[in-house]
Amino acid sequence: MSSEFPIGSKVRVVALPPYVKTAEPMPMLRPADVIHIGEEGIVLDRRPGGYWGVRFTRGAFLIDSQYIESIEKPPAPQSD
């Protein structure tokens, strides 16, 4: 199941993948300990295969949507 995140929205890591890939023109694999559970980042872009480019404090990484959740509050319903 793939979640949709608006570009620029904040997300939180809910589980660590076995490794992470940098979101650079020449991606490199990094150990998962460059990010941690609960760390927050900003969505930069959407990539094929359910991956998202997310900027964290230690860099930008490609994260599968199953490892992140949105922390943005949904818009409040408008009442007339």
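The values are calculated or read from the model by the stated rules, or taken from the named source; none is laboratory data. None of these values were measured; they are calculated from a predicted model. When we count neighbours, we look across all protein chains shown, and the Cβ atoms used for this are built from the backbone with ideal geometry, even at glycine. We work out accessible area using only protein heavy atoms, side chains counted, and drop any ligands, DNA or RNA first. Shrake-Rupley method; radii C 1.70, N 1.55, O 1.52, S 1.80 Å.
Data for the structure
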| item | result |
| --- | --- |
| Every residue from the range 39-56 that is at pLDDT 95 or above and outside any strand (DSSP E or B) | Glu39 |
| Exclusive hit being exposed (fewer than 11 other Cβ atoms within 10 Å of the Cβ) and modelled with pLDDT of 90 or more, set Pro6, Pro25 | Pro6 |
| Selection count where residues are modelled with pLDDT of 90 or more and either open to solvent by 100 Å² or more (accessible area, probe 1.4 Å) or of a type outside the set (Ser, Thr, Tyr) (or both), scope the range 57-78 | 12 |
| Residue list for the range 12-21, filter: open to solvent by less than 100 Å² (accessible area, probe 1.4 Å), within 16 Å of Ala60 (Cα to Cα) and in contact with a helix residue (DSSP H, G or I) (Cβ under 9 Å, 6 or more places away or on another chain) | Val13, Leu16, Pro17, Val20 |
